[in-house]
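Each value in this text was obtained by applying a stated rule to the coordinates, not by laboratory testing. These figures come from a predicted structure and were not determined experimentally. Every residue, glycine among them, receives a Cβ derived from its backbone with ideal geometry; neighbour counts consider all protein chains shown.
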Amino acid sequence: MTGRTASDGPDVSASDGTPTRSDGTARRRGRPPRTESAGTRDRILDAAREEFSARGYEKTSVRGIAKSAGVDSALVHHYFGTKEQVFEAAVEVAFAPVLTARDTVLDGPLDEVGERMTRMIIGLWESPVTRAPLLAIVRSAVNNEIAAGVFRRLIASQLLRRIAGQLGVPDAELRAELAAAQLVGIAMIRYVIKVEPLASADAEQIVERVAPVVQGHLTGG
């Protein structure tokens, strides 16, 4: 009868988290085993958002994401591919609340769309849950053209074109982009650069002052 070799034993983990077999040899890297936790992909995305937020696109590496997630780099490549693809996946997940809130902007009278859009954007930045991933997106997009391209595609196709399509006015896409530029500029100064007194101003006061300007961009003459 053929005996079972040590290398056939169950997989374990070394003290540094590296997958190994029972005989101490490293497990083959690449495609994860079928027993891989269903939460691994989400854990990688969470780590990616944290890394991109803290370091920006340029200084973030797949190896750094893997280390933060407690997995091997090969596993990151298996699930997502390149760093750009990891970033795009992280952005899509982080941007999901914006796309959900987008429907709220479009639901209501056209003469109040500026206030609804302003409240949506400011509200997302005010929430600690959505602020961190938004910071990751903005910081990366500002410093890297690849990240900026991912951001542009998502903003243009999923948000601005939908809003522009409901305006029914000339130059609707330009109007929507000007409104978005107004709000992104405020977000940069308040939440990223943190210039006072805007950084400490009451959020409701900001909405009251900015909403008419955004409305003017969207539907004004």
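Values as computed for the structure displayed
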| read-out | value |
| --- | --- |
| Using alpha carbons only: equivalent-ellipsoid semi-axes of region 71-221, gyration tensor based, whole Å | 29, 19, 13 |
| Cα centroid separation, region 91-142 to region 40-78 (Å) | 24 |
| Candidate aspartates and glutamates - alpha carbon under 18 Å from K59, same-chain residues fewer than 8 apart omitted | D46, E50, E51, E84, E88, E145 |
| Sites A132 and S61 - FRET efficiency at Förster radius 25 Å, r taken between beta-carbons, to 0.05 | 0.80 |
